[in-house]
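Accompanying notes for the structure given below.
The values are calculated or read from the model by the stated rules, or taken from the named source; none is laboratory data. The shown structure was predicted, so the numbers you read here are calculated from the model rather than taken from an experiment. Every residue, glycine among them, receives a Cβ derived from its backbone with ideal geometry; neighbour counts consider all protein chains shown. The accessibility values were calculated without ligands, DNA or RNA, using every heavy atom of the protein model including side chains. Shrake-Rupley method; radii C 1.70, N 1.55, O 1.52, S 1.80 Å.
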Amino acid sequence: MKSELPPRYAPLPIRLRPCLGESTNSYIRRLARANHLQPSFLYCYLCGPPQWFGRPLLEHLATTAGHSPEALERALADANSLGGISRPRRRLPRRNPFAWRQDLAHHIAQEALRGTQIRTLVKRHNLRCWDVRFALEVPRLTAAETSQLTDPITGELADLVEGMIGRKLNGRQIWTELMDHHDYLVTYDSLRHYIRYTRPRTASVRAGSLASNPVAPGQRAAHD
Amino acid sequence: MTISKPAARRTTLQETDADTDRQLNTLTGWRRFIDGPPPPPVLAPRSAWQQMNPTERDLYDESRLDHHARMLTVATSFIERTAICGRRLVLLNRHAISARRGLIVSGPAGTGKTIAITQLGRSQELLDRARHPHATDRIPVVYVTVPPAATARMIATEFARFLGLPVRARSNMTDIIEAVVGVCTDTRTALVLVDELHNISLTSRHGAEVADTLKYFSERLPATFVYAGIDIDESGLLSGTRGAQIAGRFTLIPSRPFPYTSEWKGLVATMEATLRLHEHRSGTLTDLDRFLHNHTGGMIGSLSHAIRGAALDAILTGTEKITKKSLQAIPLDHTAHTTASMATKTATSR
């Protein structure tokens, strides 16, 4: 429905905090399930017209989630890739003080999560205060549930998508089903890319390999 | 310090939202109502008032205009009866798993039905807050109004709109109902207030579907339903198979114009006590209580309108007092006029 007006965004009744380093896709999915909505519906609603399957706008997500855009920008790992009005880039030092000590930054973040104060961390690791703040501000993957931003469409996921294609579902329907009923994190763009480019290429490679190594009918029957 | 453009834009948008979210049928507006109005302005001493410069005077007058523009709630016997009956039903329904009992507030327009049910909702919400002071994820009261020419989908959308759940034009009604029921159950909704019920007509198919949807909500939600509307008992909503089911489970509290009794006099005195006018002599309105009853037909809404309107005029014209003449200068609603003229005719014929 192209004539649909842009929705007026209001805070959802049940609010959730984003996990540090969580992907937007995962956060939207958690938010939708807490509010008894279909994740695909909330995702499209946050994108708004005309690109219902594009990227959700940070401002819309912030209003709906009941958090400030700054808080979401800080917490969500891929917040910078979200749509919306142009925002000034976050001011970070030119040189990363933890470029060669990623484990130390991770260690500091873990200690801070356990409640250690910044002042204590500064003394313990003999660092400057802003180094510790830098280590805490950089989004990182912290938990198993936020271990990846998107799933590559290979292996089991590819088989699942192939099954849906076999059921004559189109790209949107496949994305909606993956979003609502499976725990895979797939963007609509990557799915469309897979259906349009990767899949025909894989099929042609498979066909080529079959042509060069034909399987004897008897062998196939024995395998089945 | 300068504000960056995006931040400034966001502030403007938030202000616009704050203005639009004053309606009671959104969760933000309802919570604002629960928090109550700001405290009334203090009446400055006469000498200080006369020495104010124009800017100070404007600000002072503006705060007084704002105070008189607000609808004042007086705890009348009708409001108390509704609150007590509603509270009793909420307790009775606490362990009910089906056939929950409800309340219907019915009567002519301007007799304070909406005020009564919103005050019931407010007391329930404040009680819930007192019992769970640190819980922020509770929505104990839901307030919706039945839109004109309502369909079942429109009713479901009103519930979703109150909660802030997104609804798109293509949204499926089952999904909307499931989301509403899920959220209300999770947030422990105990009271659902449905206002303007007279917009439902059981004689039409859509009206019957709306009644069925409300019935379905009342079965799915572990909450007490309170309906309010104009003359529901005479409108046919309680007749027929559907109506009989409602009539069998709902207690009816009729609202009617106030008779000229001590309660009316007390009501006028309470309203007079809230006035912030420099030249107004206390007791003027109490002396005019008989006139006010005849003038407004005993309608509390019309009485509030007349007194607040006269107070606003008194500040704007600089007279700073309410007189019988200034009260007569405020045009009232048609119902009050009709009731007042009928009362005058009856008195003359006697």
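Annotations for the structure displayed:
- B versus A: buried accessible surface, summed, Å² (probe 1.4 Å, to nearest 100): 1800
- Applying the criteria of a DSSP loop state and at most 12 other Cβ atoms within 10 Å to the GluC sites (Glu not before Pro) of the range B:229-281 yields B:E279.
- With contributions of -39500 (n - 2.57) from each DSSP H run of at least four residues, the per-residue ellipticity at 222 nm computed over chain B stands at -17500 deg cm²/dmol.
- Overall form of the range B:77-254: oblate. Here a/c, set by the Cα gyration tensor axes a ≥ b ≥ c, is 1.5 or more, and a/b is not larger than b/c.
- GNM top mover of B:L103, B:L277, B:L221 - chain B, alpha-carbon springs below 10 Å: B:L277
- The gain in end-to-end length when the B:A329 to B:R57 segment is fully stretched comes to 95.4 nm, 0.36 nm per residue minus the alpha carbon separation.
- Neighbour net charge for B:I79 - beta-carbon separation under 13 angstrom, K R +1, D E -1: +2
- Cβ-Cβ distance of B:D212 and B:C85, R₀ of 41 Å, FRET efficiency by 1/(1 + (r/R0)^6): the value works out to about 0.95.
- Three-way shape label, the range B:18-132, alpha-carbon gyration tensor, a/c 1.5: prolate
- Label-point gap, in nm, between B:A48 and A:T202 - each point 7 angstrom along Cα→Cβ: 7.9
- Across chain B, the mean sequence separation of Cα contacts (distance under 8 Å, 6 or more residues apart), normalised by length, yields a relative contact order of 19 percent.
- Net charge, B:P38 excluded, C-beta distance under 10 Å - Lys, Arg +1, Asp, Glu -1: -1
- Share of carbon and sulfur in the accessible area of the range B:77-254 stands at 55%, probe radius 1.4 Å.
- Flagged links, alpha-carbon separation over 28 Å, of B:K113/B:K325; A:K168/B:K215; B:K265/B:K325: B:K113/B:K325; A:K168/B:K215
- FRET efficiency, 1/(1 + (r/R0)^6) with R0 35 Å, evaluated for B:A149 and A:Q173 via beta carbons: 0.50
- Cβ-Cβ distance of B:A75 and B:R290, R₀ of 35 Å, FRET efficiency by 1/(1 + (r/R0)^6): the value works out to about 0.95.
- Note on B:E263 and A:D180: their simple-model spin labels are 5.3 nm apart, each label 7 Å out from Cα toward Cβ.
- Candidates B:V268, B:V194, B:V42: whichever shows maximal mean-square fluctuation once chain B is modelled as a Gaussian network with Cα springs under 10 Å: B:V42
- Gyration tensor verdict on chain B (Cα atoms; rounded if a/c is under 1.5, prolate if a/b is larger than b/c, oblate otherwise): oblate
- Using the 1.4 Å probe convention, the accessible area of chain B works out to 51 Å² per residue with neighbouring protein chains retained.
- Paramagnetic reach from A:H193 in the range A:7-48 [backbone N under 13 Å; point 7 Å along Cα→Cβ]: none
- Across B:Y216, B:Y143, B:Y227, mean-square fluctuation computed from a Gaussian network of chain B (C-alpha pairs under 10 Å connected) peaks at B:Y216.
- Residues of the range B:163-178 that lose at least 10 Å² of accessible area (1.4 Å probe, protein heavy atoms only) when the other protein chains are present, relative to their chain alone, are B:L163, B:G164, B:L165, B:P166, B:R168, B:A169, B:R170, B:S171, B:D175.
- The range B:70-99 and the range B:146-194 have Cα centres spaced 23 Å apart.
- Of the DSSP H helices in chain B, those whose Cα atoms cover at least 15 Å axially and whose Kyte score averages 0.5 or more: B:77-92, B:152-163, B:173-186, B:300-317
- Residues of the range A:51-77 buried by at least 20 Å² on assembly (accessible area, 1.4 Å probe, chain alone as reference): A:W52, A:P69, A:E70
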